[in-house]
Each structure stands twice: as structure tokens, then as C-alpha cells.
């Protein structure tokens with residue numbers, strides 16, 4: 001049976017407007033993503049990877065074309081989406097415990113204080129999510145005492161707490177060392193499979209993702225290429241995308257390095 | 001007042017103190033202001049907007065000085081100027097609120113303008129002094145009423161916005177994705193800071209606004225693992241410092257605002273230095 005598409009983009013162009021000027025980030029993207037897929041979003045800095053997530057979150061309108069989630073236009077506050085942004089605005093010395101941050105993902109958008117009995121249930125739900133990501137021992141620790149890897153687990157628990165169908169993760173591996181990158185990808189993959197969640201994950205280094213990926217969205221040079229990792233991440237495909245010679249090398253472990261792209265495209269580093 | 005002697009019998013001391021209307025008004029207004037400043041201040045500290053709050057108090061000084069010049073109640077000038085400043089900062093967004101150099105430039109100009117207004121005023125210099133350093137012992141019952149009404153409005157607004165305000169203060173991008181209007185929350189919060197600043201100026205003055213708006217909240221932020229506890233601790237410290245400051249000033253010939261600032265400062269230093277405080281023990285146990 002064919003899998004149900006939950007995200008579709010048709011002739012999608014995106015960018016930012018400032019007064020009368022308009023900056024196009026990418027144009028004419030066409031793709032669809034089925035339920036349960038694990039999709040890596042790759043590309044150089046400033047190519048439009050985060051822009052694509054903003055479109056899906058309803059934080060940005062397409063310049064032209066259309067993008068749909070569950071056959072409707074993206075909108076802010078869609079409870080079917082869990083999101084982990086690249087940056088978080090809280091202070092690095094914050095003493096608030098991790099459990100409270102996770103709980104905000106469930107009720108932070110509701111008005112008022114919340115009734116004590118409901119607050120207790122929310123804390124139980126937040127603890128359950130921390131257990132799912134293997135971080136229950138971090139529940140009562142202040143955020144300021146957590147390492148980069150521990151924080152990513154907390155943010156993942158916060159994104160999972162509303163039982164979403166889609167997870168949008170913006171560079172969750174950026175602050176992790178090589179070993180923790182692989183562990184975290186494994187955790188995301190296993191959690192997503194167990195809960196039938198579709199994952200779109202932005203990364204600079206594809207290598208930790210290779211075992212988990214079902215497909216790749218590659219954003220570069222104002223264009224978007226979509227396909228299986230082998231179909232997109234090869235010299236011919238990326239040369240066409242960049243419009244200049246690019247070579248994709250693989251080592252004996254299957255790890256990938258992209259060489260010769262324009263400055264800023266060195267995102268698939270050697271491990 | 002200086003001839004009144006502290007008897008070490010707290011009940012009879014308080015009975016003597018509350019025979020004076022100006023002390024009753026001071027405790028009433030001081031308590032309202034401390035509660036409001038303690039709560040608003042906790043979010044100011046979480047959002048790292050303390051300099052913006054400080055700048056708003058200076059903008060308020062100009063408004064109050066202008067009101068004094070044209071012969072109306074200074075609190076209306078304070079409210080008008082701080083609310084306008086707060087609205088402008090809110091519209092410009094949180095990034096603008098954290099732009100210290102630009103805010104500092106506007107702050108200095110507004111303070112200069114306030115000085116001009118005061119110099120044009122032909123009345124007593126005590127007006128300027130009370131605006132800069134607070135004059136809680138001179139609060140009239142009509143000012144207590146204005147403070148109460150403003151305080152209740154601010155508290156109701158904070159109660160309604162509590163969770164979205166907390167969410168945007170701690171994790172703005174996720175809150176926005178979850179449907180919280182970061183723009184509107186930012187504007188409303190700046191207006192609430194403006195109103196809180198306006199009423200707090202009566203107690204501690206423009207220059208000492210940090211003592212009620214920021215220091216108790218900064219202490220609370222270091223102690224509380226839950227936001228609700230943080231709010232409670234911040235309010236508790238602000239209220240206790242205000243009560244204690246008023247109490248001491250009844251017996252000593254020095255300004256109330258000095259005692260309030262000294263009390264919160266000493267607590268802050270104590271919290272920062274005490275090795276057994278939970279912050280230290282957490283960091284000792286959980287090395288990154």
C-alpha cells in the first residue's frame with residue numbers, strides 16, 4: 001500500500017520581503033514527504049534550510065507556489081508539529097529545572113496559570129517524555145548544569161510532548177561530539193519509528209545521519225533537490241544543483257565529503 | 001519623628017507607627033508596588049530586559065518633571081511617558097529592547113530633558129529629589145488609590161498572560177511556533193513594565209528602580225527551580241525589603257529608599273557568596 005503523503009510542495013518559492021525589495025531564497029521546489037519518513041535537510045549556510053522549516057511552521061508565507069501539511073496550509077500553533085529551533089533564547093545560567101521547560105511545550109501557549117491538578121498532570125506528562133528520550137534523571141536539574149547533548153534530549157522531549165506527527169529539528173547535532181551525534185540520531189530514529197513520526201532534520205554533516213535517512217532535501221544555489229541519499233549526494237547531481245563543479249567523495253566506511261562547492265558548502269566534513 | 005524610640009516590643013512599635021497616616025499610606029503603596037515590581041521584575045530578569053526597564057524609568061522622570069512644570073500630578077506624566085516609551089520599545093521588538101547603546105543614548109537625552117524641565121520649574125527642589133530618589137513618606141491617599149488601581153490592572157494582565165509570557169521569555173522561537181504571538185506579548189509586557197515602573201518610582205525613585213524591579217528577581221532567579229517559585233521569592237524579598245526599610249526609616253533620619261536598596265543588595269550579595277546555596281551545590285555535583 002502506498003504511503004500517505006503528509007507534506008507536499010508544488011512550485012514553491014520562498015524568501016523575505018523588506019519594504020519593496022524581495023530576496024528570493026529558493027525557487028520552484030517540488031516534493032512530497034510520506035508519513036514516517038526520516039528526511040535530512042542539507043545545504044550550505046544561508047541556502048534556505050531554516051526558511052523551509054519556517055514555511056512548514058506557518059511563520060513565513062511562500063512567495064509563490066504552495067506548501068501543504070495534512071492537506072492544509074501551514075499555520076502557527078499546529079499541535080501536529082514538534083519543533084526544536086537552532087537557538088534558544090534563555091540565559092545560559094538559568095536555574096529553572098529541565099522538567100519545567102519540557103512542560104512549556106504542552107501548555108506554554110495557554111492563557112492563565114493553569115489549575116494545580118492540571119499542572120500536576122502536565123508535570124507527569126513531561127516526566128514521561130523525558131523517560132522516552134532517556135533523560136528522566138535530568139528532570140530536576142537546572143538547565144545551566146546540562147551539557148549540549150543533555151540539553152538536546154530536553155528539547156527533543158519538549159518537541160515530543162504534544163504527541164506530534166511531524167518533528168522539525170533545526171541543527172540538533174550542532175553542539176554534539178561525533179559519538180553523541182550518532183547516539184542522538186539513533187534516539188531520534190527509534191523514537192520516531194515507535195511513534196510513527198515523520199522527521200525533518202537540518203544538519204551540516206550528513207555522515208551521522210546516513211544510517212537513519214530515508215530521503216534528502218538538498219538546498220543550494222536557490223534550488224532544491226529531493227531524493228534518496230544516493231541519488232542526490234553524488235557529483236553529477238550536486239554539480240547540476242550548484243551550477244559549478246562539485247565532487248562527492250566516499251571513503252571505505254561509506255562516509256561522504258563534498259569538495260569543490262562554493263565557499264560555505266563544506267558541510268559534509270570528514271569524521 | 002526622630003524622637004520616637006524603638007521599644008523592642010514590635011506590636012506596640014507598630015501600633016505607634018500606624019497612628020501616623022503617612023506611614024499607613026507608605027505601607028499600603030509600598031506593599032502594592034513591591035508585589036507588582038517583584039512579579040514584573042522576574043520576567044524582566046528572565047528576558048534580560050533590565051536596562052530597558054531602567055531606561056523607561058528615566059523616560060518617566062522627564063514625563064513627571066514635565067507634569068510638575070505644568071502643575072499636574074507627576075504620576076500622570078510618569079505613566080504617559082513610560083507607556084509611550086514602552087509601546088515604542090515593544091513595537092521595535094525584543095532585539096531592540098536588548099540594544100543597550102541605542103537605549104542608553106535615548107535615556108541620557110531624556111534625563112537631560114527632565115533636568116531642563118526641573119530647572120524651569122520655580123517650585124521647591126524637593127519635587128526633583130523625590131522623583132529621582134523616591135519619597136514614599138509623602139504619598140497621599142489619592143496616590144495610594146491610583147497605585148492600587150494601576151497595580152490591580154497590572155496583576156490581572158500578568159495573571160492572564162502568565163504562561164505565554166513565561167514561554168516567550170524562556171524560549172521565544174518554540175513559543176512562536178506553538179502559536180504564541182511574540183510580537184503582541186512583547187508590546188503588552190513593555191506596557192506592563194512601563195506601568196509598574198511608574199508606580200515604583202514613588203517608592204524608590206527613578207535612579208533606584210533596580211532595587212525593587214531587578215534585584216529581588218535576580219535573587220529569585222538564582223534560587224528557584226520552578227518559575228512559580230521564582231515569582232513568589234521575588235515578591236517576598238521585595239515586600240520584606242520594603243516593609244523593613246519603612247520600619248527602620250521610622251526610627252532613623254535617613255531615606256527609606258536607601259534602606260530598601262541596602263536590604264536587597266545585602267541579600268543579593270549573601271546569595272551570590274553563600275557556598276551552601278543550591279546553585280553552588282548543583283554545580284559541584286553536576287559538572288558538565
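Every number in this text was worked out from the coordinates using simple rules, so none of it is lab data. In this text the structure is predicted, and so the values were computed from the model without any measurement. All Cβ positions, glycine included, derive from the backbone under ideal geometry; neighbour counts span all protein chains shown.
Between residue A:34 and residue A:178, residue separation times 0.36 nm minus the direct Cα-Cα distance comes to 48.9 nm. Partner shielding of B:42-52 amounts to 1, given as the average count of beta-carbon atoms from other chains within 10 Å of each residue beta-carbon.
Among B:81, B:109, A:31, the order by Cβ neighbours within 10 angstrom, fewest to most, reads B:109, A:31, B:81. At an R0 of 30 angstrom, the distance between the Cβ atoms of residue B:108 and residue B:76 translates into a FRET efficiency of 0.80. Peptide A:94-104 has a mean of 5 when you count, residue by residue, the C-beta atoms of other protein chains within 10 Å of its C-beta.
Can you give the mean number of other chain Cβ atoms that lie within 10 Å of the Cβ atoms in peptide B:223-229?
5
Legend: calculated FRET efficiency, residue B:9 to residue A:194, from the Cβ-Cβ distance at R0 = 56 Å, rounded to 0.05, equals 0.25. In the range A:97-253, Cα pairs under 8 Å separated by at least six residues give a relative contact order of 17 percent. Peptides A:214-227, A:13-26 ranked from most to least packed, by the mean per-residue count of other Cβ atoms within 10 Å: A:214-227, A:13-26. Packing order of peptides A:86-98, B:21-33, highest average first: B:21-33, A:86-98 (average count of other Cβ atoms within 10 Å over each peptide's residues).
How far apart, in nanometres, would the label points at residue A:23 and residue B:141 be if each is projected 7 angstrom from Cα along the Cα-to-Cβ direction? It is 6.2 nm.
Computed from label points 7 Å out along Cα-Cβ, the spacing between residue A:231 and residue B:181 is 4.3 nm. Of all the options A:11, A:163, A:109, the one that moves most in a Gaussian network model of chain A with Cα springs shorter than 10 angstrom is A:109. Is the range B:14-287 best put as rounded, prolate or oblate by its Cα gyration tensor, with a ≥ b ≥ c the root eigenvalues, rounded for a/c under 1.5, and otherwise prolate when a/b is larger than b/c, oblate when not? Taking the square roots of the gyration eigenvalues as a ≥ b ≥ c, the range B:14-287 is oblate. Report, in degrees rounded to the nearest 10, the 0 to 90 angle that the Cα long axis of helix A:98-107 makes with the longest principal axis of chain A. With both axes taken from Cα atoms, the answer is about 80 degrees. Helix A:116-132 axis versus longest C-alpha principal axis of chain A: approximately 50°, rounded to the nearest ten. Relative contact order for chain A: 23 percent, from Cα pairs under 8 Å spaced at least 6 residues apart, divided by residue count. Placing R0 at 51 angstrom, the Cβ-Cβ distance between residue A:45 and residue B:236 gives a FRET efficiency of 0.60 after rounding to 0.05.
For the range B:14-80 versus the range A:65-96, the inter-centroid distance based on Cα atoms is 38 Å. The long axis of helix A:178-195 is offset from the longest Cα principal axis of chain A by roughly 70 degrees.
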